[in-house]
Each structure stands twice: as structure tokens, then as C-alpha cells.
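Q: This is the structure I want to talk about, given as C-alpha cells.
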Amino acid sequence: MQPRPCDHNAHAPPPPPAPRALRWLVVGVLASIILLIALPIVMMIDQAGLKAAIEEGTGAGLDPEWMDWARITLTAYLVVASYFSLYSATQGAMFLWAVIPTDILPVLMIGLLWIPAPVRRYFKPQRPTAHQP
């Protein structure tokens, strides 16, 4: 009878316990995830407060060039996220179940930034015309 390939690990000593500092790292990561999830929720709940904070910090609103820049930057970020998501999918099928749904979201968000007529109208007035004094 030949030994199975994993038999040589049967007598290996167990790995040492993780240092206490690394265990606290897990707590820190979990707290960061909770805070990152909570922030957009709070922003959605208190939209008036968010608007007031933005207006206070920017002097009553975003400059038209900043609006265009923000839209283009977000689009570029989403394109890069989609690219790397697809790149991950080509490297192996192990995480394909997660790659496909997470790649659909950036594509949908890009569409929402550029396709709906109300969004196009929202950004169109933000652009200054050349004949303004």
C-alpha cells in the first residue's frame, strides 16, 4: 500500500498560534468594514446634513468643472475596477461566482452615470458655455 500524498503532513506539528497583535488586526479590519458600510448609510439617511456639509466645505456648491471631473473620475475608476475584475476571472474559475456579480455592478453604475436622460440633463447645465461673460 502506497502512502497518500497528504500522509506526510499527518505528523507535522500544528502551526504556532497567531500573535496577539494579529488577532487585534482582525478586530480592526472588521471595525473598518462596519464603518465603511455605515458611512454611506448615514449619508443616505441625513441627506440634508450631507448637503449642508458639502456646501459649507465648498462655498455653496461644486464648481461646474469639478462636477465634470468627478463624473469622469468615477467612470475611470469603475472601468479600471471592471477590467481587473475580468482579469481575475481569466486567471481561474475558483472565484468566478463572485467576479461576475461584482463586475456587473460597475458596468451598471457607468450606465447610470451616462445613459439616463435626467442624468445627462443634470450634468449639461453644469458646463459653462463659451459665450458667457
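Derivation of every value follows stated rules applied to the coordinates shown; laboratory data play no part. Bear in mind that the values here come from a model prediction, so they are computed numbers and not experimental data. Ideal geometry is used to build each Cβ from the backbone, glycine not excepted, and the neighbour counts take in all protein chains shown.
Q: For residue 79 and residue 30, what is the calculated FRET efficiency with R₀ set at 22 Å and r taken between the beta-carbons, to the nearest 0.05? Provide the component values of the computation, followed by the final result.
A: Working: r = 30 Å, r/R0 = 1.38.
The value I calculate is 0.15.
Q: Pulled fully out, how much extra length does the chain show between residue 108 and residue 45, if you take 0.36 nm times their separation in residues and subtract their Cα-Cα distance? Intermediate values should be presented prior to the final figure.
A: On the way: separation 63, 0.36 × 63 = 22.68 nm, distance 2.31 nm.
Contour length minus the Cα-Cα distance gives 20.4 nm.
Q: Provide the gained length on full extension for the span residue 71 to residue 98, in nm with one decimal, where the gain is 0.36 nm per separating residue minus the Cα-Cα distance.
A: Numbers: separation 27, 0.36 × 27 = 9.72 nm, distance 2.66 nm.
Extending this stretch completely gives an extra 7.1 nm.
Q: Once the piece of chain linking residue 55 and residue 123 is laid out straight, how much longer is it, given 0.36 nm per residue of separation minus the C-alpha distance between them?
A: Details: separation 68, 0.36 × 68 = 24.48 nm, distance 1.80 nm.
The span from residue 55 to residue 123 would gain 22.7 nm if fully extended.
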